[in-house]
Each structure stands twice: as structure tokens, then as C-alpha cells.
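The values are calculated or read from the model by the stated rules, or taken from the named source; none is laboratory data. Note that the structure is a prediction, hence the values are computed from the model and not measured. Cβ placement follows ideal geometry from the backbone for every residue including glycine, while neighbour counts extend to all protein chains displayed. What goes into the accessible areas is simple: the full protein's heavy atoms, side chains included, and nothing from ligands, DNA or RNA. Shrake-Rupley method; radii C 1.70, N 1.55, O 1.52, S 1.80 Å.
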Amino acid sequence: MTTHREIGVGGSRWWKVQRHGTAELGIWPCTTSSDDKRLSAMRSIGLGEWNCGLQDRSEKMMGAAESSDDDESSSDEEFHMCQICNSEEEKSLLLNCSGCSLRVHPSCLTPPWTGMLTDDWSCYSCKKVEGQEEEHDANVADFSKRYDTAVERKLKILDVIRSLDLPNNPLDDIIDQLGGPDKVAEITGRRGMLIRASDGKGVVYQARNAKEVSMEMINMHEKQQFMDDKKHIAIISEAGSAGVSLHADRRAKNQRRRVHVTLELPWSADRAIQQFGRTHRSNQTSAPQYRLLFTNLGGEKRFASIVAKRLESLGALTQGDRRAGPSLSAFNYDSNYGKKALTMVYRGIMEQDSFPVVPPRCSDNQASIQEFITKAKVALVSVGIIRDSVVCNGKDAGKLSGRIVDSDMHDVARFLNRLLGLAPDIQNRLFDLFTSILDVVLHNARREGQLDSGIVDIKAKSVEMKEPPKTVHIDSLSGASTVLFTFTIDRGVTWESAKAMLDERENGGAGSSNDGFYESKREWMGRRHFTLALEGSTEGIYKIIRPAIGEALREMPLTELKSKYRKVSSIDKVSKGWQDEYDVSSKQCMHGSKCKVGSYCTVGRRLQEFNILGGLILPVWGTIEKALAKQVYQNHKRVRVVRLVTTNDNQRIVGLFVPNAAVESVLTGLQWVQDIEG
């Protein structure tokens, strides 16, 4: 480091120059007035050009007068206002933001500024904006990266989907399977559809309407195509069901009998009627056939049950003339009989009572039944039907106990709804148990004459009129008559017919390994009974055909069949037993000669006398009802509407059934009415 200090020599300015830590270098004159020789010497030692500063000060003094006006303006620029406290301050004492040019005192900021100052200092607001911009840029970069990753994943997923053999849209697939849009009329709310490509590979999107038909009129155009017999199949949805007539109208070219297949029942009863009414209307050549489709899950039948319940509450289609529409009464589980059956199910599972039938896939072995009960309890606990469940200790250690509230004991709708939350295996077993017990309840009600079956069709091998119709009452006002018909009915099935049925089944390849003849394990009235079992449309459920009564109304699960009967392989044994039962049942009921009801009992009897009151009924309905109410046996007290067709001349008769034991009482009542009117 080089220093210098001023000394005066002979009126001139000389400087004593000394480098720090070394000896003096010498005394040198100011370069503004020295000669070149001294300047060169000074430069040689690294001092370079220098002056004493007097010249600079003199130059400033010489220009002071010239810049006096500028000094006033520059002095003003040295002061600025703080934009927070609004006080004037020297420029050097104020902070100046490089972003928004804000000038403030450091102490006026919140919090006060105490940090280092830089040329690009920014206020808090600008720093926040800068932070937000940086955060925004970071977010954009992150989103961009995530977007690219998502696009890459999407492409990979699409590649995987393309490699899968997925089915088409269900509606488009059904149309394609039935022949395509040229053969199927679609009446829906869709604007487009997927059709098979011309090369047979893949599908292409196509608008439903053609060039000459607007989208608003496409449903009416499709409907007319069906009614004109140009398309033999029509598919309708709820969106297109209102106001469309697809019945076998006598005025239409297409008068084929309609087969109405319902893939999914609507929730509402009025919508169900709306849809069923599309194919069943006045002026039709034939009534439609209805087909309701379900999966094999027991819980799914809840939908049919709900619709059937609501339709029955409206008095529509579920009873009365079953040929007038789809019979949903078989699916109406939420009835008094259904509630009774459900109570029996719950009591059996809670071990408060025994089951009236053997549970599905259980044997008579108590261990298998107990295993089912345990699984059923766990299932009902999982869906909230059994509450306050605990595992017992002591004598019943390991057993699950709990309670079912009274309101749930007969709530069929809740039972069917909760079934959907169970695994398919236990779901189906519980539902099969419920329907099996319901069949028993219905059978008992039918046997006691308490079952309201609407119009009952009397079916038998032979139905013949025993004697000419007898007029038992004539109305005094209208002249219409009430007529008593007496028929002889043979319900039995001969051995030859039964053997032919089994042979036809086996030759057609439609039978199962469990089809065949069975013998009862227990004796009844000193003999064993024989039956023919054929598997029905539902797997594991068998039609039962007996020598005396033909096909039974109730089908039987395989487990129940095997628990009550054993299969017989000896044709000779079956033939003899079948023929004996066939012959005996023509003279007496299954209770034998000592039956308490005597000749009036028809249980298990092959040949019966059947009495029907036809003609004018409504004016004498009350009289008939009173006469039946006086009967001793419960199954003779109910008023039942029946219908039959004679097998020899196809004569159709509809009227009120009158048991043999009640004929005399009914005729007496009608004669009393006749005498009063006379």
C-alpha cells in the first residue's frame, strides 16, 4: 500500500511518498506541473499519474457559478416522500423497490426491514408475487409432467383394453345377434348405435335415423316397420314405451302372437303396467306370452316381488284371469303367506323351532343342519338382521347368539334386500329355504281351503260331464238362470304314460341323472308310495308326478326329494306299485277307508265328482256364500271361481266350485230364494 502526505517546498506542492512497510520512495511533485522526466520515474515505481487534488477542486470552483441553477433542482431530487408514512426524507435513507419503485422507510414496513440491501431489493408485496409466480411455474411444470404420465398410462390402458375380448354394448349386441338393424325395430331414446363393420371386424357408429326419416320420427317409423311385418322383432326401452302399440292388432299386417320378453322389471308398478300394455291391448287377434328373465341369484327376485306386490295392491294381472297378462303372483313373496314363511325361517335359524323342511344341501343328519344354521347366523349378522350378536361360553361354547327385532321377523322386503349383500352360495341357500317353507305354507293353506288363488284352472287327464246341466234358479227380472254342472274328473297317470314320459326324456337327452322313479322311505296306510321325478327348468328343482293325482302343483328340491324318497331301479317293482296305487285311488282317498270325512274327501283321490254353478251368479252370490259358510270342514267354506274344459267335446265352463258335501245346502238356499221371488 502506497501513502503520501503534502509538504511545501519553495511555494510548490511536493508530496512525500512512502510505500507501506518499506523505506521512503522519494519526494515527488504533482504530475500536473512536473516535467516528463519525473513523470516517467514515478510511473517506473508503480505510482502512475497522480495529482494533489487541487486541480480538481479548482475546476469545481470554476464551474460552481455555472451550475448554481442546477444545484437547486438536484437538491430537490435528493429528497423523496415515504409512501407509507408520507414524510419527506433523503433519498439515501429510503428503500427503493426494484419491482414496483416503492420508496419507504425501513421501519415503516411490516415487519420492519433489517436485512442486507441489494441493487435488486424488492418489497414484501413484490416478493409475494414473485413467489406466486415461481409456485405457479412449478405447478405448471408438475402438472405438465403428471399430464404426460397420465397420457402415457391412458395409452397403455387402451392397448390392454384392445387386447381384451370384451362384449359389445348389450343392446347393440342383442340387435346384432337377432339379425341386425334390418331385421330388428329399435324403439328407444338413443340417437345412434354401433353396428358390425362390413368386413366383420369390429363395429362402427351409425345414426339411427335414415336420410328420409327425422330423428324425432324414428321411433314411430320403427314401430310401423314392425306392425307392417317388415321387421319381426321389436326392442323397446322405458324411454320409448309410452304411447306405442305393438299388439297383434287385427288392422295390422303383422298379426303373429307376441312374445314379450322382459329383461329387467321396472321399479314402479304403473311403469310395469305401461310396458306390459304395449303388447296387450284391445282388438288383438291373440294375447301375448310374457317371459320374465332373472339370474340364479335369489336376491334378484326381490325386484319381481316388489312389482308383483304393487300390482296386486292395484288388483292388476297377478290374480283373476291369469291368461290376460303376465302372472306375477308366483313372485309375490311379500304376502301374508310369505311373512309367515319368513317367520318360520328366522325361528329355525335362531333355534327357537325346527324347520318344516330340510335346509338346502343338508341331509337328515343333525350335524349338517347345525352347520347350515351356523353359516346362516353369520350371514344374517353381517347384513344387520341379527343384532347384538355374541359368542356363547360354557355349555353352548362357540355358538353365536343374538336377536331379531319383531319388525324384522315378517319384513320380507328387507330380507330380500339384505340377501343381495351376501355371497351367492349362502344367498341362494337362504332363499331356497325361504321358498321351500313358503311352498309348505301355501300347500297347507290350499289343503285347508284358505288359499286365494283367483280363477283356478282344473286340469286332469279326463274331464267329462256326468249328467245334463240342471237349472237351479231363474231370476224373476231378467229371466237368466243359474245352472249346476256335474263333471267326472280323472286326475291319474297310468303306468304306461309315466314310463313313456321318462323314456321320452332320456331319449331326447334333456334329462338329468336324478330323473326316474322313486319310492317313499316311510309307509303310509300300510304301503309305500311311488312317484316320478323329472328335473324342471330350474336346476335342482323337480316336477313330481304321482299315480293318483298326476303332476303335483309344488315342485320339490333335490335335497327334499332324496330325504323323503329313494330311487328305484327295478322296473317290475315300480310297475306293480304304481298300478296298485292307481287302482286303489279310484275308490278312496289317501287316508283309506277310515277317513273322517268319508266319501267327501278328495285328497289323493283319482276319480272325483266336480260341481260347478254357472250362468247367473252375482244376484245369488250371497246365498251361496252363506250356504258354504255352514260347512263343517274349513276347505269347504271358501268360495272359489274355477274354469275347466271338457276333454270329449272341448266345452268351456266357468263358475263357482261347490263341494259335494255342500251341494244340498246350496240348492236349498237357492230354492228358498226362488220361492220368495215367486
| said: Using a 7 Å offset from the Cα along the Cα-to-Cβ direction at both SER144 and MET217, what is the distance between the two label points in nm, to one decimal? | reply: 5.5
| task | Label segment 586-678 by shape, choosing from rounded, prolate and oblate, from the square roots a ≥ b ≥ c of the eigenvalues of the Cα gyration tensor; if a/c is under 1.5 it is rounded, and otherwise prolate applies when a/b is larger than b/c, oblate when it is not. | result | oblate
| remark: In segment 101-259, taking the dipole from +1 charges on Lys and Arg beta carbons and -1 charges on Asp and Glu beta carbons about the Cα centre, the listed residue (PHE143, MET220, THR114) farthest towards the positive end is MET220
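For each pair in LYS499/LYS573; LYS459/LYS567; LYS521/LYS576, compute the distance between the two Cα atoms and list the pairs where it is over 21 Å. Let's see the in-between values first.
Values: LYS499/LYS573 13 Å; LYS459/LYS567 28 Å; LYS521/LYS576 17 Å.
Beyond 21 Å: LYS459/LYS567.
Rounded to the nearest 20 debye, what is the charge dipole size of segment 552-659 about its Cα centre when +1 sits on each Lys and Arg Cβ and -1 on each Asp and Glu Cβ?
Details: 19 positive and 9 negative charges, 84 e Å.
Here the size comes out at about 400 debye.
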| note | When every protein chain stays in place and a 1.4 Å probe is rolled, LEU644, LEU292 sorted by accessible area with the largest first are LEU292, LEU644
| request: Find how much the distance from ALA210 to ASP583 grows on full extension, using 0.36 nm per residue of separation minus their present alpha carbon separation; answer in nm with one decimal. | output: 127.3 nm
| query | In terms of the Cα gyration tensor, with a ≥ b ≥ c the square roots of its eigenvalues, is segment 416-563 rounded because a/c is under 1.5, prolate because a/b exceeds b/c, or oblate? | reply | oblate
| Phi-based couplings in Hz for segment 565-582 (Karplus 6.51, -1.76, 1.60; Gly and Pro marked x) | 10, 10, 6, 10, 9, 7, 5, 4, 5, 5, 4, 5, x, 4, 5, 4, 5, 5
| said: Between GLU664 and CYS392, how high is the FRET efficiency from 1/(1 + (r/R0)^6) when r is the Cβ-Cβ distance and R₀ = 51 Å? Nearest 0.05. | reply: 0.25
| remark: Quick calc, ASP182 & GLN255: beta-carbon distance into FRET formula, R0 25 Å, rounding 0.05, result 0.70
| query | Any idea of SER286's accessible area? Nearest 10 Å², probe 1.4 Å. | reply | 30
| said: With a 1.4 Å probe and all protein chains kept in place, how do ARG643, ARG256, ARG251 rank by accessible area, largest first? | reply: ARG251, ARG256, ARG643
| message | Once you place label points 7 Å from the Cα toward the Cβ at ARG361 and ASP457, how far apart are they in nm? | response | 3.5
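So, R0 is 56 Å and r is the distance between the beta-carbons of VAL383 and ASP159; what FRET efficiency does that work out to, to 0.05? Kindly include the intermediate steps, with their values, before the conclusion.
Details: r = 41 Å, r/R0 = 0.73.
In this case the efficiency is close to 0.85.
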| With +1 on each Lys and Arg Cβ and -1 on each Asp and Glu Cβ, how big is the dipole of segment 135-198 about its Cα centre, in debye rounded to the nearest 20? | 120
| task | Measure off, as a whole percent, the carbon and sulfur share of the 1.4 Å-probe accessible area of segment 78-145, all protein chains present. | result | 52
| field | Note, ³J(HN,Hα) from phi for segment 137-146, Karplus 6.51, -1.76, 1.60, rounded to Hz, x at Gly and Pro | value | 4, 5, 5, 4, 5, 5, 4, 4, 5, 5
| field | Which of HIS443, HIS636 is most accessible, then next, and so on - probe 1.4 Å | value | HIS443, HIS636
| query | Under a plain spin-label model, where a point goes 7 Å from the Cα along Cα-to-Cβ, how far apart in nm are GLN224 and SER401? | reply | 7.5
| said: For segment 564-599, which trypsin sites (Lys or Arg not before Pro) pass both filters: DSSP loop (anything but H, G, I, E, B) and at most 15 other C-beta atoms within 10 Å? | reply: LYS587, LYS594, LYS596
| remark: With every protein chain in place, the accessible area of MET220 for a 1.4 Å probe, in Å² rounded to the nearest 10, comes to 90
| task | Report the accessible area of CYS589, computed with a 1.4 Å probe over the heavy atoms of all protein chains in place, in Å² rounded to the nearest 10. | result | 10
| query | How much length, in nm to one decimal, is gained on full extension between GLN289 and LYS573, taken as 0.36 nm per residue of separation minus their Cα-Cα distance? | reply | 98.0 nm
